[in-house]
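Asks: Supplied in C-alpha cells, the structure appears directly below.
Quick note: the coordinates plus some simple rules give every number you see, no bench work behind them. Just so it is clear, the structure is predicted and the values come from calculations on it, not from any experiment. No Cβ is skipped: glycine too gets one built from the backbone with ideal geometry, and neighbour counts run over all protein chains shown.
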Amino acid sequence: MTYVVTESCIKCKYTDCVDVCPVDCFREGPNFLVIDPDECIDCTLCVAECPVEAIFAEDDVPENQRAFIQVNADLAKQWPAIIEKKDAPADADEWAKVKDKRDLLDRGE
C-alpha cells in the first residue's frame, strides 16, 4: 500500500509533508504534490503533517478522490523529487478552503 495526495493539495502545495518523509517520495509539480508509489514506505508520517488533510492511505482514499491514485502514479514519473520544505504559495490559505479544484491541477504539460 502507498499513500496518495488528493485534491485538497491543489493550489495549496504546503510542503510540511516533505520535511518528514524519510525516503523522499514526494514529487513537485506547478501547483500540486504527489507521492511516488514506488518509493513510499507507508510510514504514515506525512498524513499528520498535511494542514489540508490531503493525504490518505491508498485503501482509505475517499470514493470521489479515487482518481488521484492514478494521478499520483502518473505524475510521479514526470515530476522532480522535492526533498525539503519550501514556502507555500502566498494565496495557499485562501485555496485551502476551496472545494472542487480538480480542474485547476496543472500537470505542467
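Asks: Give me I82, I69, I41, I10 sorted ascending by neighbouring Cβ count inside 10 Å, so fewest comes first.
Replies: I41, I69, I82, I10
Asks: Right, next: Would you mind computing, in nm to one decimal, how far apart the modelled labels at C43 and A73 are, each placed 7 Å from Cα along Cα→Cβ?
Replies: It works out to 2.4 nm between the two label points.
Asks: May I ask you to order 26-38, 56-68, 93-105 by the average number of other C-beta atoms within 10 Å around their residues, highest value first?
Replies: 26-38, 56-68, 93-105
Asks: Compute the relative contact order of segment 2-78 as a whole-number percentage, counting only Cα pairs closer than 8 Å that sit 6 or more residues apart in sequence.
Replies: This gives 43 percent for segment 2-78.
Asks: Considering every Cα-Cα pair within the chain, what fraction, in whole percent, is farther apart than 23 Å?
Replies: Percent of Cα pairs beyond 23 Å in the chain: 15.
Asks: Another question about this same structure. Rounded to the nearest 0.05, what FRET efficiency do D60 and K85 give with R0 = 30 Å and r taken as the Cβ-Cβ distance? Could you check?
Replies: 0.75
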